[in-house]
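Structure first, commentary second.
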Amino acid sequence: MSPEKLSGKVISELENSNNEIWLSPISVWEALILIEKGRLVLNIPAEEWIQRAVTQLPIHEAPLTAEVAIKSRLMQLPHQDPADRFIAATALVHGFTLITSDERIAHSSEISILFN
């Protein structure tokens, strides 16, 4: 998502030094797919862009565990998109607040959501 599309509330929470920012490896996988399809265009190789983001930004990589995989199938979500299910399950298992613009996920009562 382009920074100019972020709401003031989301920007405020991302900039708040009291909050930790976690990244699901599934989000990296999704970004790579978008790059392959030409829906996300970068001026450097994808691997380099991802490595820079992971090493230079104050983010943590969320572990993709068996518990996350199990919860991804048990969660009550209105669709079966595997990436969305893994990302939502990651938030559930690790107690994260999920920032999303996806209306379908935003109504989940199982996880904390910050809607953009």
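Each value in this text was obtained by applying a stated rule to the coordinates, not by laboratory testing. Quick caveat, the model's predicted, so the values are computed rather than measured. We place every Cβ from the backbone using ideal geometry, glycine too, and count neighbours over all the protein chains shown.
Enumerate by residue number the trypsin sites (Lys or Arg not before Pro) in the stretch 11-116 meeting two conditions: DSSP loop (anything except H, G, I, E, B), and at most 16 other Cβ atoms within 10 Å of the site's Cβ.
Passing both the DSSP loop test and the Cβ count: LYS37, ARG39.
Projecting the Cα atoms of HIS60, ALA89, LEU6 onto the charge dipole of the chain, computed from C-beta unit charges around the Cα centre, puts ALA89 farthest toward the positive end. Between LEU98 and SER112, ILE113, LEU114, the built amide H atoms are under 5 Å apart, and every one of these is 5 or more places off in sequence or on another chain. The charge dipole of the stretch 3-115, taken about the Cα centre with unit charges on the Cβ atoms of Lys, Arg (+1) and Asp, Glu (-1), comes to about 200 debye, rounded to the nearest 20.
Taking GluC sites (Glu not before Pro) in DSSP loop conformation with at most 14 other Cβ atoms inside 10 Å as exposed sites, the chain has its longest uninterrupted site-free stretch at 21-109.
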